[in-house]
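Novice: Quick one: the structure is below, questions incoming.
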Amino acid sequence: MRPFAFSRADSLETAVEYRQAEPNSAFVAGGTTLLDLTKLDVMRPSRVIDINALPLEGIERLGDDRLRIGALVTNADLARHPAVREDYPLLARAILAGASTQVRKDRKSVV
Amino acid sequence: MQMSLSPPDATLTVRLILNGEPVTLEVPPQAILLDVLRDQLHLGGTKKGCDHGQCGACTVHVDGRAVNACLRLAAMCEGQAITTIEGLAEKGQLHPIQEAFLVHDAYQCGYCSPGQIMSAVALLEDPEAATDDAAVRDAMSGNLCRCGAYRNIQAAIADARRHLESNAQQQGRQP
């Protein structure tokens with residue numbers, strides 16, 4: 001594994017500032033993709049910024065039939081959320097059809 | 001605002017709870033939890049199978065969730081509670097799933113077994129998980145067994161579930 005530096009962001013502002021200060025840095029939430037690709041030397045971050053302390057775990061129904069999903073919501077938690085089960089059952093099924101229990105429960109930034 | 005960004009070769013101090021005990025690690029930033037467990041802490045129970053999150057041999061619990069230790073930085077575990085296979089038995093008493101694995105011969109070479117057991121425990125402790133055979137197979141699908149002990153693993157899980165349910169019922173009856 002190529003060495004890199006590590007920082008833990010304690011606020012959204014800090015996370016953005018760290019990223020801007022070092023353009024070749026990468027955010028880590030669950031790490032299941034980042035570390036997989038870094039081990040293969042496909043991704044080569046100079047610094048990894050841990051965003052797991054940030055307040056990004058909300059799942060919120062918006063007034064216009066949309067859902068706002070925080071970047072730190074795990075795939076498993078999203079799939080079992082009542083709003084997703086009720087209004088977006090295909091999303092829940094798609095999530096549960098992918099990866100594995102360990103990878104779904106781990107924090108994954110949801111795009 | 002001053003930012004203290006550590007240079008790449010610095011060592012980080014990481015404090016976590018490991019199998020119930022506080023541990024302080026000194027690790028490089030890119031140290032992977034699996035490697036730290038095996039090479040630095042000499043806990044060889046957690047196995048390195050594929051090293052890329054596909055086989056589940058490295059499954060551990062982090063704050064109660066079953067995750068692949070091969071895809072987690074040690075640095076990310078600051079303040080977290082990690083449970084490895086070594087931490088399952090309490091005071092020498094095997095966990096019901098460990099007993100069930102023995103009774104049902106749920107292993108051959110044993111390499112996948114710690115990961116299978118850690119995933120099984122997480123499944124058994126999940127109040128929202130479905131318990132039918134198909135759901136169990138799906139929940140356990142992140143743990144590969146190249147020796148093919150799957151049927152016995154599934155039987156062991158069903159047995160351990162009955163055991164845990166009967167324990168819970170007995171405790172409910174006590175004053």
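Every number in this text was worked out from the coordinates using simple rules, so none of it is lab data. Here the structure is a predicted model, which is why all the values come from computation and not from measurement. No Cβ is skipped: glycine too gets one built from the backbone with ideal geometry, and neighbour counts run over all protein chains shown.
Novice: What is the ratio of the Cα radius of gyration of region B:91-157 to 2.2 N^0.38 Å, where N is its residue count, to two decimals? Walk me through the intermediate numbers first.
Specialist: On the way: Rg = 11.3 Å, N = 67, 2.2 N^0.38 = 10.9 Å.
Against the empirical 2.2 N^0.38 Å value, I get 1.04 for region B:91-157.
Novice: Efficiency by 1/(1 + (r/R0)^6): what FRET value for residue A:90 and residue B:40, r their Cβ-Cβ distance, R0 = 51 Å, to the nearest 0.05? Write out the running numbers ahead of the final one.
Specialist: On the way: r = 44 Å, r/R0 = 0.87.
After rounding to 0.05, the efficiency reads 0.70.
Novice: Among the lysines, select those whose C-alpha is under 28 Å from the C-alpha of residue A:105, and discard any that sit fewer than 8 residues away in the same chain.
Specialist: A:39, B:47, B:48
Novice: Mind checking which of A:77, A:87, A:64 has the largest fluctuation in a GNM of chain A, springs on alpha carbons under 10 Å?
Specialist: Highest fluctuation among the options: A:64.
Novice: Still on this model: What residue among B:14, B:23, B:60 has the largest mean-square fluctuation in a Gaussian network model of chain B, using Cα springs under 10 Å?
Specialist: Comparing B:14, B:23, B:60 in the GNM, the peak value goes to B:23.
Novice: Place +1 on the Cβ of every Lys and Arg and -1 on the Cβ of every Asp and Glu in the protein assembly as shown, take the dipole about the Cα centre, and give the residue among A:70, A:38, A:20 whose Cα lies farthest towards its positive end.
Specialist: Farthest towards the positive end: A:38.
Novice: I've got another one for you. With the cut-off at 1.5 for a/c, could you classify chain A from its C-alpha gyration tensor as rounded, prolate or oblate?
Specialist: It is oblate, given that a/c is not under 1.5 and a/b is not larger than b/c.
Novice: Between region B:116-175 and region B:61-83, how far is it from one alpha carbon centroid to the other, in angstrom?
Specialist: Region B:116-175 and region B:61-83 have Cα centres separated by 21 Å.
Novice: Then there's this: Kindly state, as a whole number, the per residue volume in cubic angstrom of the convex hull around the alpha carbon atoms of region B:18-175.
Specialist: On the way: hull volume 20.3 nm³, N = 158.
Dividing the Cα hull volume of region B:18-175 by its residues yields 128 Å³.
Novice: Among DSSP bridges having both ends in the protein assembly as shown, what percentage is antiparallel? Round to the nearest 5. Before the final figure, lay out each step's value.
Specialist: On the way: 18 of 28 bridges.
Close to 65 percent.
Novice: So, with +1 on the Cβ of K and R and -1 on the Cβ of D and E, and no other charges, what is the size of the charge dipole of region B:117-175 about its Cα centre, to the nearest 20 debye?
Specialist: 260 debye
Novice: Any idea what angle helix A:12-21 forms with the longest principal axis of chain A, computed on alpha-carbon atoms, 0 to 90 degrees, nearest 10?
Specialist: 40 degrees
Novice: Could you tell me whether region B:26-116 comes out rounded, prolate or oblate from its Cα gyration tensor? Rule is a ≥ b ≥ c as square roots of the eigenvalues, rounded for a/c under 1.5, then prolate if a/b exceeds b/c, otherwise oblate. Please report the intermediate quantities before stating the final value.
Specialist: Working: a/c = 2.17, a/b = 1.59, b/c = 1.37.
Prolate, since a/c reaches 1.5 and a/b exceeds b/c.
Novice: Right, something else. Please order A:27, A:6 by the number of other Cβ within 10 Å, starting at the fewest.
Specialist: A:27, A:6
Novice: Also, I was wondering about something else. Taking the simple approach of a point 7 Å from Cα along Cα-to-Cβ for both residue B:129 and residue A:41, what is their distance in nm?
Specialist: Using points 7 Å along Cα→Cβ, the separation is 3.9 nm.
Novice: Write down the Å³ per residue value for the convex hull defined by the alpha carbon atoms of region B:75-127.
Specialist: On the way: hull volume 6.2 nm³, N = 53.
Convex hull of Cα atoms, per residue: 117 Å³.
Novice: About the Cα centre, and with charges only on the beta carbon of Lys, Arg (+1) and Asp, Glu (-1), how big is the dipole of region B:1-119? Nearest 20 debye, please. Mind dumping the intermediate values first?
Specialist: Working: 7 positive and 12 negative charges, 29 e Å.
Dipole magnitude for region B:1-119 comes out near 140 debye.
Novice: Moving to a separate point now. Find how many whole Å separate the alpha carbon centroid of region A:73-92 from the alpha carbon centroid of region A:21-43.
Specialist: Cα centroid to Cα centroid, the span is 26 Å.
Novice: Going by C-beta contacts inside 10 Å, put B:153, B:32, A:95 in order with the fewest on the left. Walk me through the intermediate numbers first.
Specialist: Working: B:153 28, B:32 25, A:95 21.
Listing B:153, B:32, A:95 from fewest to most nearby Cβ atoms yields A:95, B:32, B:153.
Novice: Scan region B:41-104 for trypsin sites (Lys or Arg not before Pro) in coil per DSSP, keeping those whose Cβ has at most 13 other Cβ atoms within 10 Å, and list them by number. List each step's numbers first, then the result.
Specialist: Details: sites: B:47, B:48, B:65, B:72, B:91; in loops: B:47, B:48, B:72, B:91.
Counting only loop positions with at most 13 other Cβ atoms within 10 Å, the trypsin sites (Lys or Arg not before Pro) in region B:41-104 are B:91.
Novice: Now for a separate question. Tell me which of B:30, A:96, B:172 sits at the most positive position along the dipole axis of the protein assembly as shown, charges placed on C-beta atoms (Lys, Arg +1; Asp, Glu -1).
Specialist: A:96
Novice: Among B:38, A:66, A:61, what is the fewest-to-most ranking by other Cβ atoms within 10 Å? Walk me through the intermediate numbers first.
Specialist: Values: B:38 19, A:66 10, A:61 14.
The most exposed by this proxy come first: A:66, A:61, B:38.
Novice: Nothing charged except the Cβ atoms of Lys and Arg (+1) and of Asp and Glu (-1): what's the magnitude of the dipole of the protein assembly as shown about its Cα centre? Round to the nearest 20 debye. Provide the component values of the computation, followed by the final result.
Specialist: Values: 29 positive and 35 negative charges, 95 e Å.
My answer is approximately 460 debye.
Novice: Moving on. May I ask which residue of A:82, B:150, A:55 lies farthest towards the positive end of the charge dipole of the protein assembly as shown, with charges of +1 (Lys, Arg) and -1 (Asp, Glu) on Cβ and the Cα centre as origin?
Specialist: In the protein assembly as shown, that residue is B:150.
Novice: For chain B, modelled as a Gaussian network with Cα springs under 10 Å, which listed residue fluctuates most, B:75, B:57, B:130?
Specialist: Sorting by GNM fluctuation, first place goes to B:130.
Novice: Further question: Any chance you could list P(r) for the protein assembly as shown, counting all Cα-Cα pairs in 5 angstrom bins from zero, rounded to whole %?
Specialist: Taking all Cα pairs of the protein assembly as shown, the binned fractions are 1, 5, 11, 15, 17, 16, 13, 10, 6, 3, 1, 0, 0 percent.
Novice: Per residue of B:72-79, how many C-beta atoms from partner chains lie within 10 Å of its own C-beta, taken as a mean?
Specialist: Mean shielding by partner chains, rounded to a whole number: 5.
Novice: Taking the DSSP beta bridges in chain A as the whole, what percent of them are antiparallel, to the nearest 5? Write out the running numbers ahead of the final one.
Specialist: Working: 3 of 11 bridges.
Beta bridges within chain A, antiparallel portion: roughly 25 percent.
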